[in-house]
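Chemist: Supplied in structure tokens, the structure appears directly below.
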Amino acid sequence: MKHLLTADNWSGYTRIASKHVDEEEVDTFIEECEQLFIIPAVGSDMFLRLVGEDLDENLSLLLEGGEYVDKARKSTFLRVFVTL
């Protein structure tokens, strides 16, 4: 199963990342977080679209963050990785 993050890039999205953390532990943490929090929040179909190859503009905004307009109000969104 594909993941939103990998052990290689997760430290770029965390506040504190020790150099002594085992890569297998990071993979386990990512898997648990996705299963317990991300997939229930966005649904299986959306999650599979997010880890897929064909991202439209809205899915890219969800993953990468940015500005959007909703009900004539401009807002910013950091990115879904921040929730992990």
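Chemist: Against the definition (open to solvent by 80 Å² or more (accessible area, probe 1.4 Å), modelled with pLDDT of 90 or more and over 13 Å from the mean Cα position of the chain (by Cα)), how does Asp54 come out, yes or no?
Modeler: Judged against the criteria, Asp54 is not a match.
Chemist: Hey, another quick one. Going by the structure shown, is Glu64 closer than 17 Å to Lys2 by Cα and out of contact with any helix residue (DSSP H, G or I) (no Cβ under 7 Å at 6 or more places or on another chain)?
Modeler: no
Chemist: Please determine, by comparing only the residues of region 47-64 that are in a helix (DSSP H, G or I) and not hydrophobic (A, V, I, L, M, F, W, C), which one is farthest from Leu36 (Cα to Cα).
Modeler: The qualifying residue farthest from Leu36 (Cα to Cα) is Glu57.
Chemist: Moving on. Of all residues in region 1-43, which are open to solvent by less than 60 Å² (accessible area, probe 1.4 Å), at pLDDT below 80 and either in contact with a His (Cβ under 7 Å, 6 or more places away or on another chain) or among the aromatic types (Phe, Trp, Tyr) (or both)?
Modeler: Residue satisfying the conditions is Trp10 alone.
The values are calculated or read from the model by the stated rules, or taken from the named source; none is laboratory data. In this text, all values refer to a predicted model and were calculated from it rather than measured experimentally. Note: ideal-geometry Cβ built from the backbone for every residue, glycine included; neighbour counts use all protein chains shown. Only protein heavy atoms, including side chains, enter the accessible area calculation; ligands, DNA and RNA are left aside. Shrake-Rupley method; radii C 1.70, N 1.55, O 1.52, S 1.80 Å.
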